[in-house]
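Report on the following structure.
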Amino acid sequence: MKLMLCGCLSLSLAFGISSAVSAAEPHISREVIEWCLQGSWMVAASEAIPQESPPKSSQQDRWDAVYRDGRRAPWDIGRPATDLKQAVENGTLRPCRVVELGCGPGNDAIYLAGRGFDVTAIDIAPTALEQAEKKAGEARVKVRWLHADVLNPPKLEPFDLIYDRGCYHGLRQQNAAGYVETLRRLSHPGTQVLILAGHANEPPPHYGPPRVRETDIRSDFGKWFEFQWLRETRFDSTEPNRKGALAWCILLRRNTETPAAQGAQPGPQSLKVLFIGNSQMQCFDLPQMIKVMSDSAPADRPRIAIGQALLGGRGLKGYWEAGEGPGSPRAMIRAEKWDYVVIQEIFNAREQEFQDYAAKFDDLIRQSGSKTLLFATANVTEYYDASFRYPEGFKRLNDMQLSFGKTREIPVAAAGYAWMKYLGPQPSEQQRLDLYHPDKGHPGPKGTYLYACLLYAVITGKTPEGLTGEFPDLRGGITIAKQEASNMQKAAWQVYQETVQRSQ
């Protein structure tokens, strides 16, 4: 996968200050310098390669002037962005062809290359690219640096990942449609896009990045991309004890359908499902796997459109206490009419705490005209947490949620029981671990597929038998062997009949 880092074309664009730099005498305005010195901004970016004709414009001159005096640019934090590192280290982004838009001095591009990504990085400032190339040499990593205008990039093969740390929020003021067209040209169905952008809720000082509203983000990208998450974060600061500016962290996936197909009114067999959970869902793209499975079903079966709010390590209490700000689960529940909202508790939640916050979410979901679906996962192994044993840990976590679901008439996808059904009464250690990620605490591709089979059954009321087990666009390609897939489908359908269908 190649990562494309996309930055702003000029300081005036990046900061939304049209008079920040004089064409006759390139310099940074006092306001911009003051704001940068507070450590509130991040790399906006550029990198050049002599293969392409460099853009010749006052924008290039103004942007490049920041780097020409040899000093470190005030927005150069000297390290990769925290949100990018987290997405790589928790497996949300995996090595692939990636392009960075607006890479600046190359911190993020170099980090990605060091983590096994095949990286192309674009910027309009040639001096920044020279600095980035030098740093890449010192780090002994290979990056393809391209000197180009983000709004008019050279013809390139589509990438698996596009990354933008501070470009979108500036360029959308100049040409939002042109920016989205760049993403379209550089992506293929299934391409992920990670963007960090200024947040509209940041109090308005006299300096800082342009601020974007949630409604604008959804309007700009909704035609070509699905939202995997849209959540609040902060830009990294150059100073350890200072908070950076409020920001959006946006993760998109390029649609597999054409815009014309998306524009069609959903028929009676279309279901909209919002997934709220943590790394148990996130590790191998569980919501997207369910969508692909629904697309593979016979024509008379429901198709599933997804939304998601996923954050590793977060339980229902943490999600509820995140408040109601834009991008929060509570805001997303209210924002649209969902057929189902799937809520997933963390593995080590206490029963009373789970009941309290599951009830709060269920009340909100009902008030919003949607239906709650509880997702009880398999539990971690004793290698991950010594206090958990198989099958006791599975039963404890699932029974707690089945009991709660019964009292409130909420369907429960008891995935722990689906794993137990598939494994049989006395599985070997290797058979159990075959369903896990190597960390022995998260589901691997097979465990995630079992989750998906059961959730598909509970959401649609239809058997998952016969659906696809091949996901070429997920995590570099996931394939479940046909016989294994068939056995998992049957196990999930049996658990659905035993725990959901009989209670209805």
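Worth a mention:
- Candidate residues 199, 442: accessible-area rank, largest first, probe 1.4 Å: 442, 199
- The lysines whose alpha-carbon is closer than 24 Å to the alpha-carbon of residue 85, local same-chain residues fewer than 8 away aside, are 2, 134, 135, 142, 243, 440.
- For the residues 294, 486, a 1.4 Å probe over the protein chains yields an accessible-area ranking, largest first, of 486, 294.
- Pairs from the table (371/421; 291/337; 291/446; 272/395; 337/360) lying more than 20 angstrom apart at Cα are 371/421; 272/395.
- Added length on full extension, which subtracts the Cα-Cα distance from 0.36 nm per residue, residue 155 to residue 334: 60.3 nm
- Per-residue extension of 0.36 nm, minus the Cα-Cα distance of residue 256 and residue 395, leaves a gain of 46.3 nm for this segment.
- Prolate/oblate/rounded call for segment 267-348, Cα gyration tensor, a/c under 1.5 rounded: oblate
- By average C-beta atoms within 10 angstrom, highest first, the peptides 129-139, 113-123: 113-123, 129-139
- For the pair residue 202 and residue 433, label points projected 7 Å from Cα toward Cβ lie 4.6 nm apart.
- With a simple spin-label model that places each label point 7 Å from the Cα along the Cα-to-Cβ direction, the separation between residue 142 and residue 79 comes to 2.9 nm.
- Per-residue 3J(HN,Hα) values for segment 435-441, derived from phi via the Karplus relation 6.51 cos²θ - 1.76 cosθ + 1.60 with θ = phi - 60°, read 8, 9, 5, x, 6, 6, x Hz in sequence order (x marks Gly and Pro).
- Largest accessible area first, the residues 320, 229 order themselves as 320, 229 under a 1.4 Å probe with ligands, DNA and RNA left out.
- Placing dummy labels 7 Å off each Cα toward the beta-carbon, the span from residue 409 to residue 363 is 1.8 nm.
- Annotation: residue 384 carries an accessible surface of approximately 100 Å², with a 1.4 Å probe and no ligand, DNA or RNA atoms counted.
The values are calculated or read from the model by the stated rules, or taken from the named source; none is laboratory data. Note that the structure is predicted; figures quoted are calculated from it, not measured. Positions of Cβ are generated from backbone atoms using ideal geometry, with glycine treated the same way; all protein chains shown enter the neighbour counts. Remember, those area values only see protein heavy atoms, side chains included, never the ligands or the DNA or RNA. Shrake-Rupley method; radii C 1.70, N 1.55, O 1.52, S 1.80 Å.
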